[in-house]
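A.B. asks: The structure that follows is given in the form of structure tokens.
The values are calculated or read from the model by the stated rules, or taken from the named source; none is laboratory data. If you're wondering where the values come from, they're calculated on a predicted model, not measured in any experiment. Cβ placement follows ideal geometry from the backbone for every residue including glycine, while neighbour counts extend to all protein chains displayed.
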């Protein structure tokens, strides 16, 4: 995914979106970056360097920390060639420290049988991650480090676990709870290294939370992305119908990604598996947008007819 050229309203640079890329033959792990191996290598190097700079590390005490040892095993687990290998390493990590949130997260994805069990394991991951953050960074970490999460390595397993739990809750129909998690993740990390804003914007609109949707769209100005341009247009339509402003916004969205209407209108079939990566304006981006927002379009009275008519006049 190309980097956004826009800036947030406070003048800071917009966060770099995460490129979507998965392991061949494997579905990406929920809550984890899809370009996992490169990120794993980088994060492992950062963790090793960080610990080597600690004075205690000179005495070997940092390396002896059970949570650090468990996390090191998880770096290998993420790159495991088979599901069996990954599960075995995750269980080995938990045998060293039950506070290893990434181990619970992997088990939720690779071992849990059914969505109810998956939710239960993800809740263990979040609880373990929170306890690990408080133990490592102090009891007041969630207040003192608000806004800096993800920039601190020790917070990342917790953030990954919460994002995965939110996805699971949405899938189960507990949508208000899912949105609460996504919004709190953005509170902890407004630079949004995980790309949560792209998940949250269409979900807020689906729940008819118009003011919250508009606030998010305005906070992260990224009109080149399908999530932003089409969500902006549909928001205008849901608030006031097929006004000139809404139609103009939809026409602009169609020009930026002309592939979306065909998938939303059923003229083209969605693939069985989501694409592993995409570029702005591509078919892959259109597919991913429709997978996240198709339900909102089909449940909004008259929206698909409006889309069809606007597309005919635009393309």
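A.B. asks: Of the numbered conditions (1) under 21 Å from the mean Cα position of the chain (by Cα); (2) in a helix (DSSP H, G or I); (3) modelled with pLDDT under 95, residue 147 satisfies every one except a single condition; which is it?
C.D. replies: Among (1) under 21 Å from the mean Cα position of the chain (by Cα); (2) in a helix (DSSP H, G or I); (3) modelled with pLDDT under 95, the lone unmet condition for residue 147 is (2).
A.B. asks: Checking residue 267 against (1) modelled with pLDDT of 95 or more; (2) over 13 Å from residue 227 (Cα atoms); (3) surrounded by 15 or more Cβ atoms within 10 Å (Cβ to Cβ): exactly one of these is not met. Which one?
C.D. replies: The number of the failed condition is (3).
A.B. asks: Continuing with this model, one more query. Go through the range 295-315 and report how many residues are surrounded by fewer than 17 Cβ atoms within 10 Å (Cβ to Cβ) and in a helix (DSSP H, G or I).
C.D. replies: Result for the range 295-315: 10.
A.B. asks: Return yes when residue 160 is surrounded by fewer than 17 Cβ atoms within 10 Å (Cβ to Cβ), in the same structural domain as residue 115 (by TED's automatic domain parsing) and either part of a helix (DSSP H, G or I) or in contact with a helix residue (DSSP H, G or I) (Cβ under 9 Å, 6 or more places away or on another chain) (or both) and no when it is not.
C.D. replies: Here the answer is no, as residue 160 does not meet what is asked.
A.B. asks: Then there is this: Looking only at the range 256-285, which residues are closer than 20 Å to residue 167 by Cα and either assigned to a helix (DSSP H, G or I) or in contact with a helix residue (DSSP H, G or I) (Cβ under 9 Å, 6 or more places away or on another chain) (or both)?
C.D. replies: 274, 275, 276, 277, 285, listed by residue number.
A.B. asks: Looking at 165, 169, 205, can you tell me which residue is within 28 Å of residue 294 (Cβ to Cβ), assigned by TED's automatic domain parsing to the domain that holds residue 293 and not in a loop (DSSP other than H, G, I, E, B)?
C.D. replies: Details: 165 fails: assigned by TED's automatic domain parsing to the domain that holds residue 293; 169 fails: assigned by TED's automatic domain parsing to the domain that holds residue 293.
205 is the lone residue from the list that is within 28 Å of residue 294 (Cβ to Cβ), assigned by TED's automatic domain parsing to the domain that holds residue 293 and not in a loop (DSSP other than H, G, I, E, B).
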